[in-house]
Amino acid sequence: MHPILGRATWLASYVAVWTLAAILMAAVPTWLGLAWVDSLVLLVPLFLVYSFACLSAWYVCRGFPLRSGVMLRVLASCALAALTASAVWLAIARAWITLLSVTSTFAPAAPRYEEQLPLLFAVGVLLFLLAIAVHYAWLAVEAARDAERQRFELEAVTREAELRALRAQLNPHFLYNSLNSISALTAVDPAGARRMCLLLGDFLRSTLSVSGHNEIRLADELALADRFLDIEQIRFGPRLRVERRIDPTASACRVPPLILQPLVENAVVHGIAGLLNGGVIRLDIARRNGSLSIAIENPCDADTSGADSGAGGRGVGLDNVRRRLAVMFGRDARLETRAEPGLFRAQLDLPWSLHD
Amino acid sequence: MIDAPPLRLRIAIVDDEDLARAVIREYLADLPDVEIVAECANGFEAVKAVAELRPDLLLLDVQMPKLNGFEVLDLVGRDVAVIFVTAYDQYALRAFDVHAVDYLLKPFSAERLAEAVSRARERAGRGERLPIRGLADAARAGHGFAGRVLVRDGPRVHVIPVATVDYVQAQDDYVCFRSGGKDYLKEQTLAEVEASLDPARFVRIHRSYLLNLERLARVELDARENRIAVLTDGRRLPVSRSGYQRLSAMLGH
């Protein structure tokens, strides 16, 4: 349905404009010496009927959007629609004159009105073309407004994802535990305490600096994840072991910042930390079928209790990664996770694009 | 009046991180009349240490593999005072509920630990005991119904998946979990157990019995018109009048 039909005020103004047009049009026959009353009785109903016929221009405009390359077809369609509409209008006008001729006052003037019908046909074509022009303009305004709203929405989602990512990176418990480790090291291993301070400083600085970018080199993201693992290594000692298999050509590939680090953190917090003797995190990065494949596998407690295995839960960090992938790549990127008893695997696939 | 001689506190440190234990060890070294009797890297070791060494005080981390701090407390909380030591502040309310002596947030100062230890010393001097109720609730708080039951057998911990429990029987101050042909005793009330288990799976068929519905073969009438639940392994349990109503409602007759 045409949107104007749903809004009473718009519809009323529209009808008013057409009535005014009908009155102006009625002036033409009076120059030819015909009566005002007759002209109005004939033309006002005809114009009102045509005003609704012209709303069909909306369908014409939507069916034939203005695009370069198909302009001829669009013009032809518009002309055809205008001629058809006006022809129908002409038939209705003829019938209306015949009907009015039944009355004695109108009957004498009827033939003179019939003479003017070609003029009415021309006016009908012009009016319909005008309606099409107005509709195209209106649709263009709407499209622009939609595009703007969509852009705002996308921006909001992106900002929110960035914020969440940043907040997830600056996981306070990670900081508290690291500070507690430093507190312990100051007495037993001052050099170790200093090293941990430096690692923590590096990690925080790079987290803050990359989070402002849309994409970074995989090498930088890997360095960030390594920094995180170095810090956790000090906490967990031999319980945390990492095996890396990384395609060296992948290091120049572009990735969104902080996309790998949450997966690594997840493997530590929900995997290694829950195991008495720890285990090995396997990180596998390769180029596969034109996309960048990042796989992370970690052992986890097979009989995960109903009790806490980590604050925040496994889902938050991974959901965050998924949302950001959806915003940035749509269907071209995906994160799949598989949980088996004792093993957790995350597979991340991103479009391959090199940093210049 | 002569002051009582200062109480020598025997302490066990429970944390899965070496460095976290190291900082506590370092702080405690400067405190008078404390003795570290055990350092445990996980909950099982903690339970064993409490059973064998009977410390006065546990310095207990919350997030640990296999058994978390609250589960450890569920198993040994009647025998020992506890100070929680954790990086997470969201467990403070639960710690308060189970009457933990104190709650230290990592990283913490030597003074803060000294304060907590002296509080524990005061409590021990007054001979206060931890409440028995609510420990199991705290152990699974926020996680819906229990997926497993923890039972202590001296220094050992049995982890019993709820699905393997046939029925639970009240026995004086204890409850007895029947699972895999064995009985496991735990100091708890049947009402507490009932509240912790999924009501769609376990039904109170009698004042003294909580039955796993999956083990029910049929209900019979005995010679004196009493209803008897016959389990899939042939074992027969009494069913009370109200227990039968609950059972019928569950089975949809």
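Where a number appears in this text, it was derived from the coordinates with a stated rule and is not lab data. Being a predicted model, the structure only gives us computed values, none of them experimental. With ideal geometry, Cβ positions are generated from the backbone for all residues, glycine too; neighbour counts draw on all protein chains shown.
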Note to self: Using the Cα centre of chain A as origin and beta-carbon charges of +1 (Lys, Arg) and -1 (Asp, Glu), tell me which of A:Leu350, A:Thr207, A:Gln116 is placed farthest towards the positive end of the dipole.
What the structure shows: A:Gln116
Margin query: Amide H of B:Cys40 versus every other amide H placed in the peptide plane: which residues, excluding those fewer than 5 positions away on the same chain, fall under 5 Å?
Written below: B:Ile13, B:Val14, B:Asp15
Notebook entry, point to check: To the nearest whole number, what is the average tally of beta carbon atoms from other chains within 10 Å of the beta carbons of peptide A:175-182?
Noted result: 6
Notebook entry, point to check: ³J(HN,Hα) across segment A:262-276 via Karplus (A = 6.51, B = -1.76, C = 1.60, θ = phi - 60°), whole Hz, x for Gly/Pro?
Noted result: x, 5, 5, 4, 4, 5, 6, 5, 9, x, 4, 5, x, 10, 4
Note to self: Give the lysines whose C-alpha is closer than 25 Å to that of B:Lys182, dropping any in the same chain fewer than 8 places away, or say none.
What the structure shows: B:Lys48, B:Lys66
Check: Rounded to the nearest 20 Debye, what is the dipole magnitude of chain A about its Cα centre when Lys and Arg each give +1 and Asp and Glu each give -1 at the C-beta?
Finding: 200 debye
Next item on the list: Please report the relative contact order for chain B, taking Cα pairs under 8 Å with a sequence separation of at least 6, and give it as a percent rounded to a whole number.
Entry: 12 percent
Margin query: Below 8 Å, C-alpha to C-alpha, sequence gap of six or more: please give me the relative contact order for segment B:1-108 in percent.
Written below: 23 percent
Next item on the list: Work out the mean other chain Cβ neighbour count within 10 Å for the residues of A:183-191 and drop it here as an integer.
Entry: 5
Note to self: Averaged over its residues, how many other protein chain Cβ atoms are within 10 Å of peptide A:234-246's Cβ atoms?
What the structure shows: 2
Notebook entry, point to check: Points 7 angstrom from Cα along the Cβ direction at A:Glu114 and B:Ala92: gap in nanometres?
Noted result: 9.7 nm
Next item on the list: Answer rounded, prolate or oblate for the protein assembly as shown, using the Cα gyration tensor with square roots of eigenvalues a ≥ b ≥ c: rounded when a/c is under 1.5, else prolate when a/b is larger than b/c, else oblate.
Entry: prolate
Item checked: Cα principal axis extents for chain A, largest first, Å -> 117, 38, 37
Checklist line | Most fluctuating residue given options B:Arg123, B:Arg152, B:Arg21, as computed from a GNM of chain B linking Cα atoms under 10 Å | finding: B:Arg123
Check: With θ set to phi - 60° and the Karplus curve 6.51 cos²θ - 1.76 cosθ + 1.60, what are the ³J(HN,Hα) couplings of segment A:102-115 in order, to the nearest whole Hz, using x for Gly and Pro?
Finding: 4, 6, 5, 5, 8, 3, x, 7, 3, x, 5, 5, 4, 4
Notebook entry, point to check: Modelled label-to-label distance, B:Glu194 and A:Phe152, 7 Å Cα→beta-carbon offset: nm?
Noted result: 5.7 nm
Note to self: Using the Kirkwood radius over C-alpha pairs as Rh, can you work out the diffusion coefficient of segment A:73-113 via Stokes-Einstein at 25 °C, viscosity 0.890 mPa s, in µm² per second?
What the structure shows: 209 µm²/s
Margin query: Compute the angle between helix A:117-169 and the longest alpha-carbon principal axis of chain A, please, reported from 0 to 90 degrees and rounded to the nearest 10.
Written below: 10 degrees
Note to self: Rounded, prolate or oblate for chain B? Axes are the square roots of the Cα gyration tensor eigenvalues, ordered a ≥ b ≥ c, and the cut-off for rounded is a/c under 1.5.
What the structure shows: prolate
Check: How high is the relative contact order of chain A, in percent, with contacts defined as C-alpha pairs under 8 Å that are six or more residues apart?
Finding: 11 percent
Margin query: Can you show me the helix-derived [θ] at 222 nm for chain B, built from DSSP H runs with n ≥ 4 at -39,500 (n - 2.57) apiece and divided by the number of residues, rounded to the nearest 500.
Written below: -9000 deg cm²/dmol
